[in-house]
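Participant: Mind having a look at this structure? Questions to follow.
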Amino acid sequence: MLIRKLFKFENAHIVRGCSTRRCSHSLHGHSYKVELLLEADAFDHGQMVYDFGLLKPGPGRLIDAFDHAITLWSGDDPEYIAAGQRFSERWIRIPVSPSAEQFARIFFVLIDRLLQTTAMDNGEADVRLHSVIVHETETGYAQCFRADADNPRMGRIALADIVFSDAIRNDWPDPELFDKLKRGERITHTLWQ
């Protein structure tokens, strides 16, 4: 069975190398919608795939980290990256260009690791991330499946290559949470609240 949870965030970026000049040469923003689709073959003790109430403080916080932030591609011009980090206290640096397709892959990698490291305390048998859909506009979206997230031909994404600004990390209940995720430490639901 599949369940779906929708999140929203506002973000600015430049997508270098794309076909349209406006997109590739001008800083601009979007009102993004992110859909997380989770699946399981059995229910937890509440007869659910996964409690929707756990998605907001967990995966929702990771997605919210991108809200009112600028996303910078680590392969972009170093002067542009430095300016983005200097003039915005909320920034994320990622190892791939911040297109809708790559946002879907980034969120898949982040949320998948979070689910893998979260202690499941209510009989969640085999809950796993099915896919992530990122709507960049009302009419266009990208959907990432597991095979896409791990596809080196689409660009390598390692958690170690994602950097959140101090302002973002300090908004989390535990500023060291992302470091714990990178190390694969066991995380409890209460850590997010």
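Participant: Kindly put S74, S26, S97 in sequence by how many other C-beta atoms sit within 10 Å of each C-beta, fewest to most.
Facilitator: Details: S74 14, S26 9, S97 22.
Lowest count first: S26, S74, S97.
Participant: While we're looking at this one, here's another question. Under a GNM of the chain (C-alpha, springs under 10 Å), which listed residue has the highest mean-square fluctuation: R146, R128, R86?
Facilitator: R86
Participant: Same structure again: Under a point-charge model restricted to the Cβ atoms of Lys and Arg (+1) and Asp and Glu (-1), what is the dipole moment magnitude of segment 49-139 relative to its Cα centre, in debye to the nearest 20? Mind showing how you got there, number by number?
Facilitator: Numbers: 8 positive and 14 negative charges, 40 e Å.
I would put it at about 200 debye.
Participant: For the chain, modelled as a GNM with alpha-carbon contacts under 10 angstrom, which of H25, H13, H68 fluctuates the most?
Facilitator: Top of the fluctuation ranking is H25.
Participant: What distance in nm separates the two pseudo spin-label positions at H28 and A167, each 7 Å out from Cα along the beta-carbon direction?
Facilitator: Each label point lies 7 Å from its Cα, and together they span 2.3 nm.
Participant: Taking +1 at the Cβ of each Lys and Arg and -1 at the Cβ of each Asp and Glu, which of G17, F107, P152 sits farthest along the dipole of the chain towards its positive end, judged by Cα position relative to the Cα centre?
Facilitator: Final value for the positive-end residue is G17.
Participant: In sequence order, what are the phi-derived ³J(HN,Hα) couplings for segment 120-127 according to the Karplus relation 6.51 cos²θ - 1.76 cosθ + 1.60 with θ = phi - 60°, rounded to whole Hz, with x for glycine and proline?
Facilitator: Those phi angles translate into 8, 9, 10, x, 5, 6, 9, 4 Hz.
Participant: Now for a different question. Within segment 27-56, what residues put their amide N at less than 12 Å from the label point 7 Å along the Cα-to-Cβ vector of A125?
Facilitator: What the label zone holds, given the 12 Å backbone N cut-off, is 40-45, 47-49.
Participant: Using θ = phi - 60° and the Karplus relation 6.51 cos²θ - 1.76 cosθ + 1.60, list the HN-Hα couplings for segment 159-171 in order, rounded to whole Hz, with x at every Gly or Pro.
Facilitator: 4, 4, 9, 9, 10, 9, 4, 4, 4, 6, 4, 6, 6
Participant: Follow-up. Report the antiparallel proportion of the DSSP beta bridges in segment 45-186 as a percent, rounded to a multiple of 5.
Facilitator: Numbers: 7 of 11 bridges.
Antiparallel bridges make up about 65 percent of those DSSP assigns within segment 45-186.
Participant: What is the Cα centroid distance between segment 1-40 and segment 130-159, reported in whole angstrom?
Facilitator: Computed from Cα coordinates, the inter-centre distance equals 10 Å.
Participant: In terms of Cα to Cα distance under 23 Å, which lysines are near enough to K8, apart from those fewer than 8 places away along the same chain?
Facilitator: Reachable lysines: K33, K56.
Participant: Quick check for me: using +1 on Lys/Arg Cβ and -1 on Asp/Glu Cβ, what's the dipole size of segment 2-192 about its Cα centre, in debye to the nearest 20?
Facilitator: Working: 23 positive and 28 negative charges, 95 e Å.
For segment 2-192, the charge dipole is close to 460 debye.
None of the figures in this text is laboratory data; all of them are computed from the coordinates on show. All figures in this text were calculated on a predicted structure; none of them were measured in a lab. FYI the Cβ positions are ideal-geometry reconstructions off the backbone, even for glycines, and counts take in every protein chain you see.
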